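The structure appears below as structure tokens.
The values are calculated or read from the model by the stated rules, or taken from the named source; none is laboratory data. Note that the coordinates shown come from a computational prediction; the quantities given were computed from them, not determined experimentally. Here Cβ is always computed from backbone atoms with ideal geometry, including for glycine, and neighbour counts include all displayed protein chains. Please note that ligands, DNA and RNA were not included when accessible areas were found on the heavy atoms of the full protein model with its side chains. Shrake-Rupley method; radii C 1.70, N 1.55, O 1.52, S 1.80 Å.
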Amino acid sequence: MTSLLQARRLSKTAYSALWSLPLPVWLAGFFLGPMVLLIWLSFWDVKNFLLTPDFQLENWQKILTAGYFWSAYARTAVIAASASVLATLAALPCALAISFFLSPRARMVLLGLFVVPFFTSYLVRIYSWQIYLTENGIVMKLMAAIGIETGSLLNTPLALMVGLVTLTLPLVIVIQAISLLSLDRTLIDAAYNLGCGPRRVLFATVLPAARPGIVLGALFAFIFSFGDFVTATYLGGGKFTTLSILIADTVKSGQQWPRAAVVALMMIVTLLLTALASITYAYRRS
Amino acid sequence: MRVSRTTRRLTLAFTGLALAFLYAPILTNFVFSLNSDRFPTIPLGGFTLEWYRLILADALVIDAFKNTVKIALIVAPIATAMGFAAAYADYRFNFIGKRLVLVFALMPPLIPLVVIGLAMLAYLSRIGLSGTLPAIVVSHIVLTSPFAMAIIRLRFSQIDGDLEFAAQNLGASNWRAFWEIIIPSTKTSVLAAFLLCMAVSFDEYAVTWFVGGLEETSSVRILSFLQSAVSPRINAIGSITFATSISLILGAQFLVLRRLTKDAK
Amino acid sequence: MSQAHISLKNLRKTYGAAVAVENLDLDIEEGKFIAIMGPSGCGKSTMLRMLAGLEESSSGDILHQGRRINDLPIWEREMPMVWQSLALFPFLTVRENVEFGLRMNGVGAAERKHRAQVWLKKLGLGEYADRGINQLSGGQRQRVALARCLVTEPSVLLLDEPLSALDAHLSVQMQGELKRLQRELGITFIYVTHSHSEAFSMADTVVIMNKGRIEQAGSPEDIYLRPATPFVAEFLGGSSIFDCTIRPRKNGELVLESADGTFKTDALKTAGLAPGQHVSLVVRADQISITPAAGWADNEVPCRVIGEEFVGALVNLRLETGAGTQITVQLQQRDMQTLDIEVGVGVTASWHPEDGHIITE
């Protein structure tokens, strides 16, 4: 009788383990494992172009005292922050329109339309922007047609912003729209009832209540822009060396992986701290 | 929200602009893939299929496409299955540290691709996998399974938690109840997740470029083309890529939306 | 003594340090309608879920016809349940829902269809067999949930607050139907509810639970007339409860001394009680009368009217004594006018010594 009971308990445990374990185990093996190795790697040595497991602080010293690292760090942060602000501001009217001015059916269709670009080749879309912005490209020709002479717009901050907003706008709009849609509509009616005008309702009721979504959207835009290397490479023309370009170049051109690992870890720490700060701010009671 | 007609029209117009901004690069890419001029700009030249002919004659491109399809067809079922398992486990069981596991499972898409790429490259070369198709498959599963989990978990949140137990209460064993209740309730979202995983795998370029070595997918092929010069051949590959991923995403959306409207009835 | 259909022996369920069900003992006779009620969190649902196998018991036994079933998995318990959420399968038709249990037990297609049809007809769902669940009204879904269980011809049916989603009118109608079904089928119904009217209108035995324990189990009449504990009296409502001490009079008569005065009672009721003992005196609302002035009856308590609630032709008056005890009185509407009662006025409440029920602690 007890053995039967034990057998049943065992099959119950096996059933739940079968479902609970695969993804965590896979991620432990092929995501957590690489991440932990990355930390260890940052202390390794390179001898005669060969990686040698070691425990030395030289990589950290080299990178953290290098002027080029800190200038790339500052540049990456400023670019990502600008893109995040820009995407947030551009997304707000769209998210408001989607959440408040459309029928449920039109809303689903529009949200669907905004989701599609997020999952289509970012590389090719950036290449298309190259065609638009390059010397004698579409934008230059169009401007010339209305009498404005411009040079190539590639390799300018504007080009960077175009690329990064292309990357992040869909995501920010969707996150903002979800948070606006989950707002309690009676809150808005109550504000009108109390005699607030549309502007006051927007700024004193809707936006503060949707703060978690707005902050979260901005955070995602920051994270994605901070890690991107495609826009900086192909629309910035390598003029704007970001941390990602630093890593890509280091890895693709030699064996200095440990130094790249230090840069990568600095990126992760920055993103974690930003995420922590934003989430605290987003859900803080005010 | 009650606002003036002008405000309403202005925001809707702005939304239209945002859509135009997002779709402009996609549309021009199709246009220039069929344009005869070597340098893509306006005014347009004549119509041609030359660029498609060129890339289809390019062995590197063909191999890259073959790899892409092969990888997506292996990655999507595995990532969907694991995403499904995690979503079902979250819906059905309670265990210590569940939230932590969930957050952890949703992390990979949030880590910069170059960072994952570097970490994967170092790790996979330690275990002798880097530079192989399995290396790409392994990393793609890490990158796509969170999407599968999220989309399937969303579906689970709409399913009455008593249903499976009601089936057991009427005599169905664990597995039988799973087969009778969970499969029919989630099959469309599983298919949607499958398509989404294929699309993400299809378009992944960064980690693939890091761990793939000499093995190329179509996205990595585009990356190498980009490093040389502007050429309408990129537009031609790009159009094929766009057409594929847009079909996959629209398919996934159709499945999810149909589910929603069906439930609303 | 005949063997009970279902017995709970020393049944206990804990979650970590929290006790959900505490050493429960209960015998349920075959073919009875048992209602289990109590405030939320009293353990009534946990008990039902342990019966169905949805929760594992921490200790103790569940016996079904003398056989211990604690270790049987859900699907071998043969105790179909009507769920609070109904838990109908939304992707199956009405008929497929009803056939489900038969299909799981390997009944052939033809017989399944026949038996499902019989039950659908019996519950007035014959013409809805091929509809989807979402095309049915609340009452119809309720019937599908019942048919889905009853078609398997169980000896026990578990019901977990099945009527809570229905509106009052429909709920009363379903109560009548449930009772009729249970009588006709002669099977055991175990019905968990928080509604007094559902429990008292249908059940042969009402079990009142509180904090994981059974406070009282008995016929509805028994519980209504003779609540076993102050909790039961209070939970049922409509009664006034006085904390009293037994005191002897010079003539040997025992009286009840409370903060609101000294009350006389039947010698029968005080038999076996000793002077100095603490008891609760429970007087039902319909046993108390109101007089404008004192000096008319035996047990009189001066009070102030603090609230009134109109229920059809009846009025429930809430009174408060000088000592702060709350008293409920049920009056006819017209008495209100004759007595000229309104909130705030002082009145005298009284009852006969033979009324009132004594609970020893």
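Here are the numbers for the structure shown:
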quantity	calculated
Given (1) out of contact with any Gly (no Cβ under 9 Å at 6 or more places or on another chain); (2) among the polar types (S, T, N, Q); (3) more than 29 Å from A:Ala275 (Cα to Cα), index of the condition B:Thr132 fails	(1)
Options A:Thr120, A:Thr168, A:Thr156; residue that is facing chain B (nearest Cβ under 9 Å), under 30 Å from B:Ile237 (Cα atoms) and modelled with pLDDT of 90 or more	A:Thr120
Complete set of residues in the range A:5-34 that are farther than 30 Å from B:Gly117 by Cα and within 7 Å of another protein chain (Cβ to nearest Cβ)	A:Leu5, A:Arg8, A:Tyr15, A:Ser16
Failed item, numbered, when A:Thr250 is tested on (1) farther than 30 Å from A:Pro53 by Cβ; (2) in a helix (DSSP H, G or I)	(1)
Check on A:Leu110, within 11 Å of chain B (Cβ to nearest Cβ), under 25 Å from A:Leu202 (Cβ atoms), crowded, with 18+ Cβ neighbours inside 10 Å and free of Cβ contacts under 8 Å to residues at least 40 places away in the same chain	yes
Search result, residues across the range A:113-124 that are farther than 22 Å from A:Leu154 by Cα, assigned to a helix (DSSP H, G or I) and open to solvent by 10 Å² or more (accessible area, probe 1.4 Å)	A:Leu113, A:Val115, A:Phe118
Pairs, first over 20 Å from A:Val115 (Cα atoms) in the range B:3-32, second aliphatic (A, V, I, L, M) and open to solvent by 40 Å² or more (accessible area, probe 1.4 Å), C-beta under 8 Å, six or more apart	B:Val31/B:Leu44
The range B:219-243, residues that are without any contact (Cβ under 8 Å) to a residue 60 or more places away in the chain, within 15 Å of B:Asp58 (Cβ to Cβ) and more than 10 Å from chain A (Cβ to nearest Cβ)	B:Ser224, B:Ser228
Residue in the range C:8-22 that is farthest from C:Gly66 (Cα to Cα), counting only those that are within 20 Å of the chain's Cα centre (by Cα) and either in contact (Cβ under 8 Å) with a residue 60 or more places away in the chain or open to solvent by 10 Å² or more (accessible area, probe 1.4 Å) (or both)	C:Ala20
Complete set of residues in the range A:125-137 that are more than 26 Å from B:Asp203 (Cα to Cα) and either of a type in the set (Phe, Trp, Tyr) or part of a helix (DSSP H, G or I) (or both)	none
Conditions (1) assigned by TED's automatic domain parsing to the domain that holds C:Ser280; (2) in contact (Cβ under 8 Å) with a residue 24 or more places away in the chain; number of the one not met by C:Ile214	(1)
Which numbered condition B:Leu110 fails, given (1) modelled with pLDDT under 95; (2) under 30 Å from C:Leu157 (Cα atoms)	(2)
Test: C:Phe231 is farther than 19 Å from C:Glu30 by Cβ and in contact (Cβ under 8 Å) with a residue 60 or more places away in the chain	no
Selection count where residues are hydrophobic (A, V, I, L, M, F, W, C) and either within 7 Å of another protein chain (Cβ to nearest Cβ) or under 24 Å from the mean Cα position of the chain (by Cα) (or both), scope the range A:123-144	7
Positions within the range B:156-180 being under 13 Å from B:Arg92 (Cα atoms) and open to solvent by less than 30 Å² (accessible area, probe 1.4 Å), in sequence order	B:Phe156, B:Ile159, B:Leu163, B:Glu164, B:Asn174, B:Ala177, B:Phe178
Residue list for the range B:18-35, restricted to those being more than 9 Å from chain A (Cβ to nearest Cβ) and part of a helix (DSSP H, G or I)	B:Ala20, B:Phe30, B:Val31, B:Ser33
All positions within the range B:203-241 that are open to solvent by less than 10 Å² (accessible area, probe 1.4 Å) and of a type outside the set (A, V, I, L, M)	B:Thr208, B:Phe210, B:Gly212, B:Thr217, B:Ser218, B:Ser219, B:Pro232, B:Asn235, B:Gly238, B:Ser239, B:Thr241
Subset of the range A:253-272 [touching a residue at least 60 places away in the same chain (Cβ under 8 Å), small (Gly, Ala, Ser) and assigned to a helix (DSSP H, G or I)]	A:Ala261, A:Ala264
When residues of the range C:147-179 are limited to those that are more than 18 Å from the chain's Cα centre (by Cα) and of a type in the set (Ser, Thr, Tyr), the one farthest from C:Arg77 (Cα to Cα)	C:Thr152
Verdict on B:Gly97 being more than 10 Å from chain A (Cβ to nearest Cβ), free of Cβ contacts under 8 Å to residues at least 60 places away in the same chain and open to solvent by less than 50 Å² (accessible area, probe 1.4 Å)	no
Among (1) closer than 28 Å to C:Cys303 by Cβ; (2) modelled with pLDDT of 90 or more; (3) under 13 Å from the mean Cα position of the chain (by Cα); (4) of a type in the set (Gly, Ala, Ser), the one test that C:Ser219 misses	(1)
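Yes or no, residue by residue, for (1) in contact with a Leu (Cβ under 8 Å, 6 or more places away or on another chain); (2) of a type in the set (D, E, K, R):
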{"position": "C:Asn10", "(1), (2)": "yes, no"}
{"position": "C:Gly53", "(1), (2)": "yes, no"}
{"position": "C:Gln65", "(1), (2)": "no, no"}
{"position": "C:Ser85", "(1), (2)": "no, no"}
{"position": "C:Arg112", "(1), (2)": "yes, yes"}
